[in-house]
Amino acid sequence: MTDTTSRAPDAPRTPYAPRARRFRSARRVPAALTALAVLGVAGLFLYDLAAVRAGRPGMGWRRELARQLDRQTPADLGVLLGGGVLAVAGALLLLLALAPGLRGILPMRTPDTDKDADAGAGDAGADTGLRAGIGRKDAAQVLRDRAMEVSGVRSVRVKVGRSHVGVRATSHFRELDDVRADLDAVLAVGIGELGLAHPPHRRVRVRR
């Protein structure tokens, strides 16, 4: 089996790329669930505190917790392990909260359609709030259809990431170098037509 691989040079950046931002997930469901959980815990503690203030005995779980805290010290192994787990979980939740999310959508550039009205205008998307994006699977399907048009290509697998496009093609005739060169040219045009704000690197692999 013969295999040839090429890594294409980076596509030139467009003047719109620096202003394009990733799409952020609204996270309405996680935010609502977190708010409900905090509300439930706070309500439970407030109810127990009000019961104690009213002269009634506190809940059993709170008395047991107070006894455990009285016996345990910060140097105990169980306390250290529990604190470490909580710290890691908190850092992970903080990371997830700050991450944009929606990794499956690639931002597209928005051309400036009002240059005559405002010669100094930059990205129209930044001025009007208009943004566009395309899903990774949709972009991969478009590039795959373009690659299948190359003579000699029998099958193609395309994987689109945030910063790269991986293409694996199988050829059943023609020289592999010629097929790879044609594929590289077609994919360069296809990636340009997608209008991505940050054109990804492409890596083409062709085998017999």
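Structure data summary
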| quantity | calculated |
| --- | --- |
| In order through the stretch 35-51: 3J(HN,Hα) via Karplus (6.51 cos²θ - 1.76 cosθ + 1.60), integer Hz, x for Gly, Pro | 5, 5, 5, 5, 5, x, 5, 5, x, 5, 5, 5, 5, 5, 5, 5, 5 |
| Contour minus Cα-Cα distance for ALA42 and ALA188 (0.36 nm per residue) | 46.9 nm |
| Value in Å of the Kirkwood radius, where the stretch 28-98 supplies the Cα pairs that are averaged | 14.9 |
| Phi to ³J(HN,Hα) by Karplus 6.51 cos²θ - 1.76 cosθ + 1.60 over the stretch 130-135, Hz, x for Gly, Pro | 7, 9, 9, x, 9, x |
| Alpha carbon centroid spacing (whole Å) that separates the stretch 36-68 from the stretch 153-208 | 62 |
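A short reminder: the numbers here are calculations on the coordinates, not readings from a lab. Note that the coordinates shown come from a computational prediction; the quantities given were computed from them, not determined experimentally.
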